[in-house]
Amino acid sequence: MKIAITGATGFIGSRLVKRLLELKHQPMILTRNRAKATRLFPDLEIVGYTPTESGSWQDAIAGCDGVVNLAGEPIGEHRWTSERKQAILDSRQLGTGRIVEAISQAQSKPSVLVNTSAIGYYGTSETATFDETSPPGDDFLAQVCQAWEAEAQKVKEAGVRLVILRFGIVLGEGGALAKMLPPFQLFAGGPIGSGRQWFSWIHREDLVNLIINALTRNDMEGVFNATAPNPVRMAEFCQTLGDVMNRPSWLPVPSIALEALLGEGAKVVLEGQKVLPKRTTSSGFNYDYANVKPALADIVTSN
């Protein structure tokens, strides 16, 4: 398959491209940063684009067999100012809209769009359990996810199969885990906030395999939670991380410290949600890393 990919230079996208090449597929990279993409993927077709604007880049979608849309401004990198929140929303809502527009206009249309969403769709809770049938929450991220998914749904009007993957916290070499490792390496690791909040995670290799399943299996359609089937509370996650690193997990990160750093954005880490991938498992998808200890052991030992 020839696959157009946005977000290909990122933590998930770069691994996806490598796996697609191993499987003899043909990735085409849509990127804002041609120089970085060319450095990472010197032998691939690279198309420069502005995600939120229509343009000649949209012509490149024609003739592709599938599209994977991973693009979006990072959520946990900066304080959520009003400008930052608008950028988070626009990069997802407008960016997905322009991808759908390109697919709809193409003479030779892709057969499938795999579009990212997030488990932020459900809102946060210490007590509730969510699956793909659960209603949306009402906080900022839930509203972003609803707008994001609503744009993706429009691709069905063009007769294109749509798979929406609601990502949990992705574990791998880099990403969120890279920010958690240094305190543990310095014997100063511990749970963030109360430690009681749920941590719904997925190993990057499982996520990449799930994306490829979504591309290649015509029976996959609709919303799937991209999380492992065994979420854990933050205290257990940090205890397990300490165990696999042979480090203690004794020094909690107080909520106030994270709030000072991230403001409203700290809510993502401090409150969490317990999300089960019911449709994903019932589709027959097999996880290589269903439990957090083997997942962390694999990542830490390969670092």
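The values are calculated or read from the model by the stated rules, or taken from the named source; none is laboratory data. Because the structure is predicted, anything quoted here is derived from the model rather than measured. Neighbour counts are summed over all protein chains in view; Cβ atoms, including those assigned to glycine, are modelled from backbone coordinates with ideal geometry. Accessible surface areas use protein heavy atoms only, side chains included; no ligands, DNA or RNA. Shrake-Rupley method; radii C 1.70, N 1.55, O 1.52, S 1.80 Å.
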Quiz prompt | Dipole magnitude of the stretch 136-221, debye to nearest 20 (Cβ charges: Lys/Arg +1, Asp/Glu -1, about Cα centre) | solution = 140
Exercise. Subtracting the Cα-Cα distance from 0.36 nm times the residue separation, let me have the gained length for R39 to S194 in nm, one decimal.
Key: 51.6 nm
Quiz item: How large is the charge dipole for the stretch 52-198, taken about the Cα centre, if only the Cβ atoms of Lys, Arg (+1) and Asp, Glu (-1) carry charge, to the nearest 20 debye?
Solution: 140
Quiz item: Farthest toward the dipole's positive end in the stretch 78-226, which of A150, A176, T124, given Cβ charges of +1 (Lys, Arg) and -1 (Asp, Glu) about the Cα centre?
Solution: A176
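With runs of 4+ DSSP H residues as the only contributors, calculate the mean residue ellipticity of the chain at 222 nm using -39,500 (n - 2.57) per run, divided by the residue total and rounded to the nearest 500. Walk me through the intermediate numbers first.
Numbers: 11 runs with 120 residues, N = 303.
Calculated from helices alone, the mean residue ellipticity at 222 nm is -12000 deg cm²/dmol.
Quick one: of the DSSP bridges fully inside the chain, what percent are antiparallel, nearest 5? Display every interim value, and only then the final one.
On the way: 4 of 40 bridges.
The answer is about 10 percent antiparallel.
Keeping all protein chains in place, calculate the accessible area per residue for the chain (probe 1.4 angstrom), answer in Å².
Values: 13080 Å² over 303 residues.
Counting only protein heavy atoms, the per-residue value for the chain is 43 Å².
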Quiz item: How many lysine pairs does the stretch 17-147 hold where the Cα atoms are under 27 Å apart and the two sit 8 or more places apart or on different chains?
Solution: 5
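Sorted by average packing, counted as other Cβ atoms within 10 angstrom per residue and highest first, what order do 49-58, 169-178 take? Can you show the working numbers first?
Details: 49-58: 15.5, 169-178: 19.0.
Ranking the peptides 49-58, 169-178 by packing returns 169-178, 49-58.
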Quiz item: Considering only T227, Q185, P74, whose Cα is most displaced toward the positive end of the charge dipole of the chain, charges sitting on Cβ of Lys, Arg (+1) and Asp, Glu (-1)?
Solution: Q185
Self-check item: Per-q log10 I(q)/I(0), the stretch 29-177, q = 0.13, 0.18, 0.20 Å⁻¹ (Debye; single scatterer per alpha-carbon; no solvent)
Solution: -0.65, -1.18, -1.36
Quiz item: Assigning unit charges at the beta carbon (Lys, Arg +1; Asp, Glu -1) and nothing else, what dipole magnitude in debye, to the nearest 20, does the chain show about its Cα centre?
Solution: 400
Exercise. Positive end of the charge dipole of the stretch 1-49 (Lys, Arg +1 and Asp, Glu -1 on Cβ, about the Cα centre): tell me which of T31, F11, Y49 has its Cα farthest that way.
Key: F11
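At a 1.4 Å probe, what is the % contribution of carbon and sulfur to the accessible area of the chain?
Details: 6580 of 13080 Å².
Whole-percent figure for carbon plus sulfur exposure: 50.
Taking K and R as +1 and D and E as -1, what net charge do the other residues with C-beta under 12 Å from the C-beta of D90 add up to?
That sum, taken over residues with Cβ under 12 Å, equals 0.
So if we plug the beta-carbon distance of L94 and N286 into 1/(1 + (r/R0)^6) with R0 = 45 Å, what FRET efficiency do we get, rounded to 0.05? Before the final figure, lay out each step's value.
Numbers: r = 36 Å, r/R0 = 0.79.
Step by step, r from the Cβ atoms, then E = 0.80.
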